[in-house]
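Every number here is computed from the coordinates shown, using simple stated rules; none is lab data. Computed from a predicted model, the values in this text were never measured in an experiment. No Cβ is skipped: glycine too gets one built from the backbone with ideal geometry, and neighbour counts run over all protein chains shown.
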Amino acid sequence: MSEQVQASRTSRQLQSNMNWRENIVYEIYVRSFNDSNGDGVGDLRGIIDKIDYIEQLGVTAVWLSPIFDSPNRDYGYDVIDYRGIHPEYGTLDDFDELLALLHERGIRLVMEIVPNHTSSDHPWFKQALQGRDDPYRDYYIWRPASEDGGPPNNWTSFLGGSSWKLHEETGEYYLHTYAWHQPDLNWENPKVRQEICEAMDFWLEKGVDGFRVDTANVLSKDMSFPDTEDTQRIQGSGEPFYKNGPRIHEYLREMRDKAFSRYPVFTMGEASQVELEDVEDFTLPERGELDLILMIEASKICDEAEDMWQSKPWKLSHMKQIMRKWLKDLHPDAWIGLYLSNHDHVRMVSYLGDDKEHREESAKMLSVFLMTLRGTPNLLQGEELGMTNAHFFNTIDDIKEQQALAYYKLMVEERGEDPETILGRVLRKNRDHSRTPMQWTDEDGAGFTAGRPWQRINPNKAKINVRQQEEDPQSVLNLYRKMIRLRRDHPVLTLGTYEPVLEEDEHIYAYVREDAQERWLVVLNFSKTPTGLELPSELRAHLAEAECVVCSDEQRASQLSAGRAEIAPYAYFVFRLPR
Ligand code: GLC
Ligand code: CA
């Protein structure tokens, strides 16, 4: 064992005393974080160069987007080697060095694992194509054509179009819940489960502190593959037959027993379309499955059920209902991870805030929001700067992410829909908004690269960048640092109960966080206009002696105790109430 690996493991043991729920996780989308060698692609040495920045931000864990070797059609979510690092990102030595450095500074490293599918270029799949009798055939899911000669059933994939692709040479179809080049692994096969377990073991032995388990609740399918009656749904219409499928809990428990339980790790499961009982089943400690489920619902608040690319306006009262469910109604021992933006959604300030006139205020208000909610928060790189959507994307050629491209192709080329309408939808919601390079400086390559960046840099780097915000004590970045510190110092903000106030209000979002020691009140204006507000009298009475710990306007804070007060667009107040 190298010295680095040894040091990593020792520091991991030290850290295991911290309650893992109190982590504050920083998502690094590696490709877009920092490029150390001028090839235009972010890499592991680039992260090493920014280790001080990460430490100063105050986060306690870093989650790396997939760095596995991959043809990059889905940027690493199409794996060809679960133990190998993509040469673009660096080497295993770079990885060990990064891990040791993070651990030296008390920061955990969470790896991604993609257990549902591999790339069609993975050696297992190539082998499976050799013939129906090949020992690797059963690593994937094969079915003969249906009676009419078409795919085995009518399910659509998450990219739209059939979930099945014909392999002509062997005359059978394979299942792909995502793109055709991401064939689903057959989790019924114990060898597959063993392989994934061993892959995780490889990283755990190195000293990683946890995993984000990609698409964790779709591993077990209804193996009779019935047709769905939901023929309107464009993406993922087979979901009812594999989400939280028949053997999912058995598989996750096996994962825990064989891999996770042997190390002090924490596991974050990505799961779509889950309800309270599902999350309780996945995360109640005595069930021994996952530690938390990442709550997706808030980030999908605008999506239409039948077509995620079509949007409906969102209302604050709806957001409050979502939060009430996950922060108050969920069993107190079950647990969620919270995020507003990640690499699969648009940028939070452009979506829940106002990235034009009130960019700075709304980004700050949202940082206060995320950092005062119950759960384990995940923030996406650049969120701490209030980085915005890429409004400079104009044509389909500006888009690099496969879901948006597949939708455009399906709707325009196959269904003959109006290209302008479809382009409009794709430009609004594509996942590249959150994947543009990190804005370190206002220079040409934004301090991200000395070369030609793999994805265009947002021209607003001139105004929004780390260098400028580090110098400005009032910047979004400095507020984020303060909020992260506050959350670390006051466990009530993570673990305390969540009690909403003024639940019907469409402008003001207010809630109380409380534990045996402390009681906090958070008041946020989610609207672009000044808003009148009157808190319930019980709270007003306490406010007179409260300390406003973080406030957008000190004077206004004192008026809130008196009666009705008018607060500015995107104002925020965090009070510590007397006990
Ligand atoms: C998850 C990932 C997403 C990826 C998909 C398929 O949803 O977050 O980026 O495309 O899984 O692996
Ligand atoms: Ca590079």
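Key figures for this structure:
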{"quantity": "Rounded FRET efficiency, nearest 0.05, which uses the C-beta distance separating GLU545 from LYS400 and R0 of 51 Å", "calculated": "0.40"}
{"quantity": "Radius of gyration and Dmax over the Cα atoms of segment 400-529, both given in Å", "calculated": "21.3, 62"}
{"quantity": "Distance in nm between pseudo-label sites at GLU470 and LYS356 (7 Å out along the Cβ direction from Cα)", "calculated": "3.3"}
{"quantity": "Separation of the THR441 and LYS528 label points, Cα + 7 Å toward Cβ, nm", "calculated": "3.6"}
{"quantity": "Of TRP335, SER317, VAL512, farthest towards positive along the dipole that unit charges on Lys, Arg, Asp, Glu beta carbons give the chain", "calculated": "VAL512"}
{"quantity": "Long-range HN-HN contacts of ARG212 with modeled amide H, under 5 Å", "calculated": "MET111, GLU112, ILE113, MET268"}
{"quantity": "Extension gain, SER537 back to ASP329 (0.36 nm per residue minus Cα-Cα distance, nm)", "calculated": "72.4 nm"}
{"quantity": "Nearest-ten-degree value, helix 476-489 long axis tilted from longest Cα axis of the chain", "calculated": "90"}
{"quantity": "Mean separation of Cα contacts under 8 Å, 6 or more apart, over the residue count of segment 439-579: relative contact order %", "calculated": "18"}
{"quantity": "Prolate/oblate/rounded call for segment 504-565, Cα gyration tensor, a/c under 1.5 rounded", "calculated": "prolate"}
{"quantity": "Table column - 3J(HN,Hα) (Hz), segment 103-119, Karplus curve with 6.51, -1.76, 1.60, x for Gly and Pro", "calculated": "5, 4, 9, x, 10, 7, 10, 10, 8, 8, 10, 10, x, 7, 8, 10, 6"}
{"quantity": "On Cα atoms only, tilt of 3-15 relative to the major axis of the chain in degrees", "calculated": "50"}
{"quantity": "Mean separation of Cα contacts under 8 Å (6+ apart) over length of the chain, as relative contact order %", "calculated": "13"}
{"quantity": "Alpha carbon centroid spacing (whole Å) that separates segment 288-345 from segment 502-579", "calculated": "24"}
{"quantity": "Residues whose placed amide H lies under 5 Å from that of ASP69, excluding near-sequence neighbours", "calculated": "ILE80, ASP81, GLY84, ILE85, HIS86"}
{"quantity": "Kirkwood Rh in Å, taken over segment 469-537 so that all alpha-carbon pairs contribute", "calculated": "14.0"}
{"quantity": "Alpha-carbon gyration tensor eigenvalues x 5, square-rooted, for segment 352-467, Å", "calculated": "28, 19, 13"}
{"quantity": "Normalised contact order of segment 302-374, rounded percent, pairs of Cα under 8 Å and 6 or more residues apart", "calculated": "19"}
{"quantity": "Isolated Cys in the chain, by beta carbon distance under 4.7 Å", "calculated": "CYS197, CYS302"}
{"quantity": "Computed FRET value (nearest 0.05) for LYS312 with GLN127, which takes r as the C-beta separation and R₀ as 30 Å", "calculated": "0.10"}
{"quantity": "Local net charge near PHE95, Cβ-Cβ under 12 Å (Lys/Arg +1, Asp/Glu -1)", "calculated": "-2"}
{"quantity": "Helix axis angle, 190-206 relative to the chain longest principal axis, alpha carbon, degrees", "calculated": "50"}
{"quantity": "Loop GluC sites (Glu not before Pro), segment 287-377, which have at most 16 other Cβ atoms in a 10 Å radius of their Cβ (DSSP)", "calculated": "GLU304, GLU306, GLU357"}
{"quantity": "Rg/Rh ratio calculated on Cα atoms of segment 17-116 (Kirkwood radius)", "calculated": "0.96"}
{"quantity": "Distance between segment 454-473 and segment 365-441 - C-alpha centres, whole angstrom", "calculated": "18"}
{"quantity": "Exposure proxy order (Cβ contacts within 10 Å, fewest to most) of TRP180, TRP309, TRP164", "calculated": "TRP180, TRP309, TRP164"}
{"quantity": "Pairwise FRET efficiency - ASP257 versus SER224, Cβ, R0 = 30 Å, nearest 0.05", "calculated": "0.60"}
{"quantity": "Ratio of the Cα radius of gyration of the chain to 2.2 N^0.38 Å, where N counts its residues", "calculated": "0.97"}
{"quantity": "Environment charge at LEU327 (Cβ cut-off 11 Å; Lys +1, Arg +1, Asp -1, Glu -1)", "calculated": "+4"}
{"quantity": "Gyration tensor (Cα) of segment 162-277, equivalent ellipsoid semi-axes in angstrom", "calculated": "28, 18, 12"}
{"quantity": "Value of [θ]222 nm, deg cm²/dmol, for the chain, DSSP H segments ≥ 4, -39500 (n - 2.57) each, nearest 500", "calculated": "-8000 deg cm²/dmol"}
{"quantity": "Unit charges at the beta carbon, dipole of segment 399-444: most positive-side option, MET438, GLY424, TYR407", "calculated": "TYR407"}
{"quantity": "Nitroxide proxy distance, nm - points 7 Å out along Cα→Cβ at SER146 and PHE202", "calculated": "3.8"}
